[in-house]
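The values are calculated or read from the model by the stated rules, or taken from the named source; none is laboratory data. Note that the coordinates shown come from a computational prediction; the quantities given were computed from them, not determined experimentally. Here Cβ is always computed from backbone atoms with ideal geometry, including for glycine, and neighbour counts include all displayed protein chains.
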Amino acid sequence: MKGELRPADLRSEFSGLLAIFFIFSIFGYYYGMTHPEIYRELISVLKQILSVQFIPYGFKIFALVVVNNLLKTFLSVILGYTIIYPFMFASFNGFILGLFIEGAGRESGAVSAIISILPHGVIEIPAAIFSASIGLKLGMDYFRGRKLSLSAGLTTYRKRVIPLILLAAFIESFITPIVASIVSP
């Protein structure tokens with residue numbers, strides 16, 4: 001465990017954070033049902049961010065997704081020492097996912113909402129939760145008095161999370177729109 005954390009080393013942290021993620025996605029879904037204006041505001045902000053004209057749309061999405069997800073997942077490793085940040089990370093992202101699924105489902109239908117998330121989500125969500133698990137493991141071991149180096153966590157992040165984030169961003173930017181255009185009316 002000195003140079004890198006193995007997925008088996010993070011099993012309990014991953015399971016707990018994944019459960020929190022899904023619980024908060026349910027909260028987000030129900031919140032979206034009672035506050036539909038939140039989804040419209042979220043989409044409006046995303047459209048403003050993507051309004052830069054000199055970058056082709058797919059590359060714009062790719063750059064935005066990569067920067068956003070690498071920053072958030074990196075922070076979940078580094079700020080794992082706080083213990084609370086990985087829980088907040090899983091909760092917030094689950095809530096936003098639930099909110100998005102409800103809003104997109106209401107506007108475009110359930111199949112369209114699922115198609116817009118599933119192709120990249122099956123990679124991105126586990127990668128994000130895995131990064132938070134690294135941070136949580138580092139923080140828990142620190143408070144338990146165990147020596148686990150930040151460099152082991154960052155090595156695991158670099159080798160396992162970054163490639164998955166890049167792959168998920170590619171799928172989200174270039175594959176998902178094609179699939180969605182075929183499936184959606």
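Structure above, values below:
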| item | result |
| --- | --- |
| Search result, residues across the stretch 34-81 that are modelled with pLDDT under 80 and not in a helix (DSSP H, G or I) | 50, 51, 52, 53, 54, 55, 56 |
| Condition met for residue 124 (assigned to a helix (DSSP H, G or I) and within 18 Å of the chain's Cα centre (by Cα)) | yes |
| Filter result for residue 38 (closer than 12 Å to residue 132 by Cβ, out of contact with any Phe, Trp or Tyr (no Cβ under 6 Å at 6 or more places or on another chain) and touching a residue at least 60 places away in the same chain (Cβ under 8 Å)) | no |
| Test: residue in the stretch 127-148 that is polar (S, T, N, Q) and farther than 20 Å from residue 15 by Cα | no |
| Residue match in the stretch 123-133 (condition: farther than 25 Å from residue 62 by Cβ and out of contact with any Ser or Thr (no Cβ under 8 Å at 6 or more places or on another chain)) | yes |
| Residue list for the stretch 143-185, filter: in a helix (DSSP H, G or I) and among the basic types (Lys, Arg) | 158, 159, 160 |
| Cross-chain or 6+ apart pairs with Cβ under 8 Å, the stretch 49-66 first and among the small types (Gly, Ala, Ser), then modelled with pLDDT of 65 or more | 58/173; 58/174; 58/177 |
| Cβ pairs under 8 Å, 6+ apart, first in the stretch 154-172 and over 23 Å from residue 112 (Cβ atoms), second among the acidic types (Asp, Glu) | 155/4; 156/4; 159/4; 164/124; 165/124 |
| The stretch 68-109 - residue that is within 14 Å of residue 139 (Cβ to Cβ) and of a type in the set (Val, Ile, Thr) and, of those, surrounded by the fewest Cβ atoms within 10 Å (Cβ to Cβ) | 84 |
| Pairs, first among the charged types (D, E, K, R) in the stretch 92-109, second surrounded by 19 or more Cβ atoms within 10 Å (Cβ to Cβ), C-beta under 6 Å, six or more apart | 102/29; 102/32 |
| Tally of residues being closer than 19 Å to residue 105 by Cα, surrounded by fewer than 20 Cβ atoms within 10 Å (Cβ to Cβ) and among the hydrophobic types (A, V, I, L, M, F, W, C) across the stretch 1-31 | 4 |
